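**Student:** One structure is given below, represented as structure tokens, and several questions about it will come after.
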Number of protein chains: 2
Amino acid sequence: MKKTITWVKPTWEMPHIIRGIENLKNIDSNKTLTCLTWARPSWRLHLWHYVWALSNWIQLQETSNIKTNFLIADYQVLWDHLGETEKLRNSVIDMVIDWLAVWLDPNKSNFIVQSYVPEFAELFNYLTMFVPYSLATNNPTLKDEMKKIEKRWETESNSISLGFINYPVSQVADIMLLGWEIVPVWEDQIPHIELSRKVIKKVNTMYSTNFPIPKALVSEFPRLVWIDGNDKMSKSLGNTIYLTSTLKEITSQVNKMYTDPGKTSIESKWNISKHVAFLYLDIFYKDKTHLDELKKRYIEWWPNSVWDWEIKKLLINVLEEFISPIRERREYYLKHMDIVVNSIEKWSANARIEWQKLIETLKKSMWLLDYWKEYL
Amino acid sequence: MKKTITWVKPTWEMPHIIRGIENLKNIDSNKTLTCLTWARPSWRLHLWHYVWALSNWIQLQETSNIKTNFLIADYQVLWDHLGETEKLRNSVIDMVIDWLAVWLDPNKSNFIVQSYVPEFAELFNYLTMFVPYSLATNNPTLKDEMKKIEKRWETESNSISLGFINYPVSQVADIMLLGWEIVPVWEDQIPHIELSRKVIKKVNTMYSTNFPIPKALVSEFPRLVWIDGNDKMSKSLGNTIYLTSTLKEITSQVNKMYTDPGKTSIESKWNISKHVAFLYLDIFYKDKTHLDELKKRYIEWWPNSVWDWEIKKLLINVLEEFISPIRERREYYLKHMDIVVNSIEKWSANARIEWQKLIETLKKSMWLLDYWKEYL
């Protein structure tokens, strides 16, 4: 019998979950909060990434009492793409360029590549000692992801790695080193934050340390579907629009967009809630008055109605207006790779010094460092 | 139903198992072999440690074409003694003093403390990506040890840590960094070497590296029982003789030794195969002619026979002769802690430089290092 994994969905009242960036102010406005976000550099950024994550990150970066760390989690690609690390190196560079292109600013935020900072591995190694095996493997998000990977690999002679089983604890190390107070996550990643809180509390209790306990920042995101109306991305279907798309590519993708199924029969009622082009306009078109007018006209009969091609033409313009500056900035950074490389190198190196201190604190508290000096 | 863990006992013919130090010569006498041994610093060394391990280590250290590394595996104590690290620091120092006292020589061998070398953690982290979860958890030695820990913790509110599940892979990292060709192990640790071979071969195949594949060195050890005739050590029974014992302690322990059960009844046949004092004399008394004579007399009738107290008196002298120089050297090092501390610090620091190179080789092969230089 198939067993469904369930977990108690946290409510608004749970004190370790903050809903909406605007509620950050309620925590402590006099103090600078450190915030971690991370991304696996395994694919090119697309519109979903922007809507769901990047737009929020920019907002966090521009909030005065928040210090933002952006982690390029390349370890996390090794779990299930071990044989493809040659591709990975391009993904890392690509992701940093994308980040710079959407106005993430290395002068305001830290860009850190995980594999450049051995301290992640060292801290992770210590944390594995604090986490019961049962707690580590009963994580509902981990179980869901294991199922997905197993499905993907059904026809391949591959299997889940030990590294994958370790990853929630590896993320606790990320959070301890980088994140501290605030970690923006999806709703389904809240169990990771809860694990982090448990583990860090245990460290603090056992060794009288004072490492901050993180809180989850969950934001409400507008619902965005893929261009074919599916809510699953598919690389083979090419059903997405990348942040690097040219006007030609935008045009081609918008023209492929699934429109109202109701409009196929003349009797059926127009239903624009599933009209992909309108869904995109909802998010990216700033002139809401005009948009409302178009929606009203769309469900009218000819000659008052607007055609799908008109809606799509508008969307093409709107998206081009949105993407073209990103594309231009991307072009710029491709010609100035020194900025890209410096952003990574500078921060990864700076960060190490700070984190070595943190690990020293932990090791000293655990009597693992310099203790023999007292024997001399 | 209780399920017994079995594994195919390797035979002499298995090419990755060398039986007896004397057979090392058959491998490659023109080349210097690197050899790793390790110990968990969780208890004081006693006679068993000497007979089973240290005497062999000394032999390896004194073999001209073998370079020996002695690892103080303090990570491995954290799995199941996390709350007791304050004790651990004394155990580390104690173990190094014991090693020096039994003629392990920091000028000939490397003494390395695991927690002083973050490279272990970094390499371990990468290796977890190469090991299928199923392979990691199906290790028979791991399963046996899990049972033991679970039994020990039955009455405690504790459980097996994720760190424990990771430890076979953590040992692969130890072996990759330190051990290379030869790893002396007990018979029941052979699965660890087999796992190491699998993992290192996989790394070599996937990333065209050339890391050496280790071989197990299994030696035949004389059978030694505890002073109460049990083959299990018991701290509560105090049934062992430490390498630090005073003459008074040796006397007290030898006097407690279990003697021939056959001698309790006058009709029964003498059976010296279970006479603990004779078992110890077999190993530590050099005058085998005299020993044979004593054994013959022991099963004679009075007045030819020898009494238990005579056998025990001889053993006390033999053990005192064996332990007293170790005790003296121990006293010496306790007064010269700088030698002890320098032995650890020097080698742990030196080793890091060498291993950073090794990890760089791995990371470069995996396209994880310095790749962006080519974008400039």
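Read the figures in this text as sums done on the coordinates, not as results from a lab. Keep in mind the model is a prediction, meaning the values are calculated, not measured. Note that we place each Cβ from the backbone using ideal geometry, even for glycine, and neighbour counts take in every protein chain shown.
**Student:** Within 10 Å of each Cβ in peptide A:362-368, how many partner chain Cβ atoms are there on average? Round it to a whole number, please.
**Tutor:** 5
**Student:** Compare the peptides A:110-117, B:75-82 by average per-residue count of other Cβ atoms within 10 angstrom and give them in order, highest first.
**Tutor:** Per-residue mean Cβ counts within 10 Å order the peptides as A:110-117, B:75-82.
**Student:** For peptide B:74-87, how many partner chain Cβ atoms fall within 10 Å of a residue's Cβ, on average?
**Tutor:** 3
**Student:** Report the FRET efficiency, 1/(1 + (r/R0)^6), for B:Asn255 and B:Ser324, where r is their Cβ-Cβ distance and R0 is 22 Å, rounded to 0.05.
**Tutor:** The pair B:Asn255/B:Ser324 has a calculated efficiency of 0.75.
**Student:** Classify the range B:66-199 as rounded, prolate or oblate, taking a ≥ b ≥ c as the square roots of the eigenvalues of its Cα gyration tensor: rounded when a/c is under 1.5, otherwise prolate if a/b is larger than b/c and oblate if not.
**Tutor:** Oblate, because a/c is 1.5 or more while a/b does not exceed b/c.
**Student:** May I pose another question? Taking 20 °C and 1.002 mPa s as the conditions, I'd like the Stokes-Einstein D for the range B:247-334 in µm²/s, using the Kirkwood hydrodynamic radius from alpha carbon pairs.
**Tutor:** 153
**Student:** Count, for each residue of A:112-125, the Cβ atoms from other chains sitting within 10 Å of its Cβ, then give me the mean as a whole number.
**Tutor:** Per residue, the number of nearby Cβ atoms from other chains is 5 on average.
**Student:** Could you tell me the center-to-center distance, by alpha carbons, between the range B:156-202 and the range B:62-137 in angstrom?
**Tutor:** What the calculation gives is 12 Å, centre to centre.
**Student:** A follow-up question, please. FRET efficiency for B:Lys148 and A:Ile299, Cβ-Cβ distance as r, R0 = 60 Å, nearest 0.05?
**Tutor:** That pair, B:Lys148 with A:Ile299, gives E of 0.25.
**Student:** OK, next. Once you place label points 7 Å from the Cα toward the Cβ at A:Asp308 and B:Ser273, how far apart are they in nm?
**Tutor:** It works out to 9.1 nm between the two label points.
**Student:** Here's something else I'd like to know. Just add up the charged neighbours of B:Arg352: K/R +1, D/E -1, any other residue whose Cβ is under 13 Å from the Cβ of B:Arg352.
**Tutor:** Surrounding charge for B:Arg352 is -4.
**Student:** When only alpha-carbon atoms count, how far does the range A:293-376 stretch along each of its three principal axes, as whole angstroms with the largest first?
**Tutor:** For the range A:293-376, the Cα spread along each principal axis is 94, 34, 14 Å.
**Student:** Next up: Quick one: what do you get for the range B:282-333 if you divide its Cα Rg by 2.2 N^0.38 Å?
**Tutor:** 1.45
**Student:** Next question, about the same structure. Taking the mean number of other Cβ atoms within 10 Å as a proxy for protection, how do you rank B:289-299, A:61-71, B:163-173 from highest to lowest?
**Tutor:** Top of the packing list down: B:163-173, A:61-71, B:289-299.
**Student:** Order by neighbour count: A:Met129, B:Met146, fewest other Cβ atoms within 10 Å first, most last.
**Tutor:** So the ranking, lowest neighbour count to highest, is B:Met146, A:Met129.
**Student:** Let's test the formula: R0 of 25 Å, r as the Cβ-Cβ distance of A:Ser159 and B:Lys357. What FRET efficiency results, to the nearest 0.05?
**Tutor:** 0.20
**Student:** B:Asp188 label points, 7 Å along Cα→Cβ, one per copy: pairwise distances from this copy to the rest in nm, shortest first?
**Tutor:** Ordered by increasing distance: 4.3 nm.
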